[in-house]
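Trainee: Before anything else, here's the structure in question.
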Amino acid sequence: DGGITQSPKYLFRKEGQNVTLSCEQNLNHDAMYWYRQDPGQGLRLIYYSQIVNDFQKGDIAEGYSVSREKKESFPLTVTSAQKNPTAFYLCASSIGRFTDTQYFGPGTRLTVL
Amino acid sequence: GQQVMQIPQYQHVQEGEDFTTYCNSSTTLSNIQWYKQRPGGHPVFLIQLVKSGEVKKQKRLTFQFGEAKKNSSLHITATQTTDVGTYFCAGSQGGSEKLVFGKGTKLTVNP
């Protein structure tokens, strides 16, 4: 089946630890995105990549890092510099442009204790 | 920067009542998209509107794009319990511009 996978679904970490969230797609999409969702805040863009080996900061990139070494993969690292890391993280992909339909993964709920 | 405002934030209806959520932008949009997120789930694409004044229907759902391309609405006729979820609009000023999401309208339906 084609789609986007994110793992794990739930993740717990201690404060001060870096953690990497996985995102893989087999839709052959060029563009991939990371969003953060907090209650009542909608979706906020963290990073996006429209081509392999290139990525751009979104609106709330501070405390996060990404890589795009393969077309299929766009992992997100939540670093210890992120002040409020507890949130629901959603990965998405689209054919190429922002205006194309975005397909979302199931999300990872990160809790930092 | 570009902002997309969505109202209301919450809406509670009795099953069978109609529901509308509104989306307003401070700038002219090249297109607007609507997504639905079920409780505990992820956003799923519903529709995209591109033309000024465009109206599209999907069964009981009617989507409109304003003449000035600065506002949009989603109307659900005779809500059902399966309509429960959060509805997001998302707009972009152009193909290379970021898609900006509204904060969503959370719909609950009492059976």
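Trainee: Among the numbered criteria (1) closer than 24 Å to B:Gly91 by Cα; (2) within 13 Å of chain B (Cβ to nearest Cβ), which one does A:Asp54 miss?
Mentor: A:Asp54 satisfies all of (1) closer than 24 Å to B:Gly91 by Cα; (2) within 13 Å of chain B (Cβ to nearest Cβ) except (2).
Trainee: If B:Val50 passes every condition in (1) within 14 Å of chain A (Cβ to nearest Cβ); (2) in contact (Cβ under 8 Å) with a residue 24 or more places away in the chain but one, which one does it miss?
Mentor: B:Val50 satisfies every listed condition except (2).
Trainee: If you take just the strands (runs of 3 or more DSSP E) that sit entirely in the stretch A:24-104, which of them hold at least 3 residues that are loosely packed, with under 15 Cβ neighbours inside 10 Å and of a type in the set (D, E, K, R)?
Mentor: none
Trainee: Further question on the same structure: Can you say whether B:Thr28 is assigned to a helix (DSSP H, G or I) and either more than 10 Å from the chain's Cα centre (by Cα) or free of Cβ contacts under 8 Å to residues at least 40 places away in the same chain (or both), as far as the supplied structure shows? Explain how you work it out, then say what you get.
Mentor: Values: assigned to a helix (DSSP H, G or I): no; either more than 10 Å from the chain's Cα centre (by Cα) or free of Cβ contacts under 8 Å to residues at least 40 places away in the same chain (or both): yes.
Considered against the rule, which asks whether it is assigned to a helix (DSSP H, G or I) and either more than 10 Å from the chain's Cα centre (by Cα) or free of Cβ contacts under 8 Å to residues at least 40 places away in the same chain (or both), B:Thr28 comes out as no.
Trainee: So which of B:Thr77, B:Thr27, B:Thr21 ends up being modelled with pLDDT under 95, surrounded by 13 or more Cβ atoms within 10 Å (Cβ to Cβ), polar (S, T, N, Q) and more than 20 Å from A:Ile95 (Cα to Cα)? Walk me through how you get there before you give the answer.
Mentor: On the way: B:Thr77 fails: modelled with pLDDT under 95; B:Thr21 fails: modelled with pLDDT under 95.
Going through B:Thr77, B:Thr27, B:Thr21 in turn, just one is modelled with pLDDT under 95, surrounded by 13 or more Cβ atoms within 10 Å (Cβ to Cβ), polar (S, T, N, Q) and more than 20 Å from A:Ile95 (Cα to Cα): B:Thr27.
Trainee: Tell me which residues, restricted to the stretch A:51-101, are free of Cβ contacts under 8 Å to residues at least 60 places away in the same chain and charged (D, E, K, R).
Mentor: A:Asp54, A:Lys57, A:Asp59, A:Glu62, A:Arg68, A:Glu69, A:Lys70, A:Lys71, A:Glu72, A:Lys83
Trainee: Next up: Of all the residues that make up the stretch B:2-47, how many are on the phi > 0 side of the Ramachandran plot and within 11 Å of chain A (Cβ to nearest Cβ)?
Mentor: Here the count works out to 1.
Trainee: Take the stretch B:78-92 and flag every residue that is within 9 Å of B:Thr105 (Cα to Cα) and β-branched (Val, Ile, Thr).
Mentor: B:Thr86, the sole residue that qualifies.
Trainee: Same structure, new question: Restricting to the stretch B:54-111, name every residue that is under 15 Å from the mean Cα position of the chain (by Cα), within 14 Å of another protein chain (Cβ to nearest Cβ), assigned to a loop (DSSP other than H, G, I, E, B) and basic (Lys, Arg).
Mentor: Correct list: B:Lys69, B:Lys103.
Trainee: Now for a separate question. Can you say whether A:Thr108 is of a type in the set (Val, Ile, Thr), closer than 22 Å to B:Gln3 by Cβ and within 11 Å of chain B (Cβ to nearest Cβ), as far as the supplied structure shows?
Mentor: Considered against the rule, which asks whether it is of a type in the set (Val, Ile, Thr), closer than 22 Å to B:Gln3 by Cβ and within 11 Å of chain B (Cβ to nearest Cβ), A:Thr108 comes out as no.
Trainee: Whether any residue in the stretch A:65-83 is at pLDDT below 95, under 30 Å from B:Tyr10 (Cα atoms) and away from chain B (no Cβ under 12 Å) is what I want to check.
Mentor: Looking through the stretch A:65-83, at least one residue is at pLDDT below 95, under 30 Å from B:Tyr10 (Cα atoms) and away from chain B (no Cβ under 12 Å).
The values are calculated or read from the model by the stated rules, or taken from the named source; none is laboratory data. Please read these numbers as outputs of a predicted model, since none were measured by experiment. As a convention, Cβ positions derive from the backbone with ideal geometry for all residues, glycine included, and neighbour counts pool all protein chains shown.
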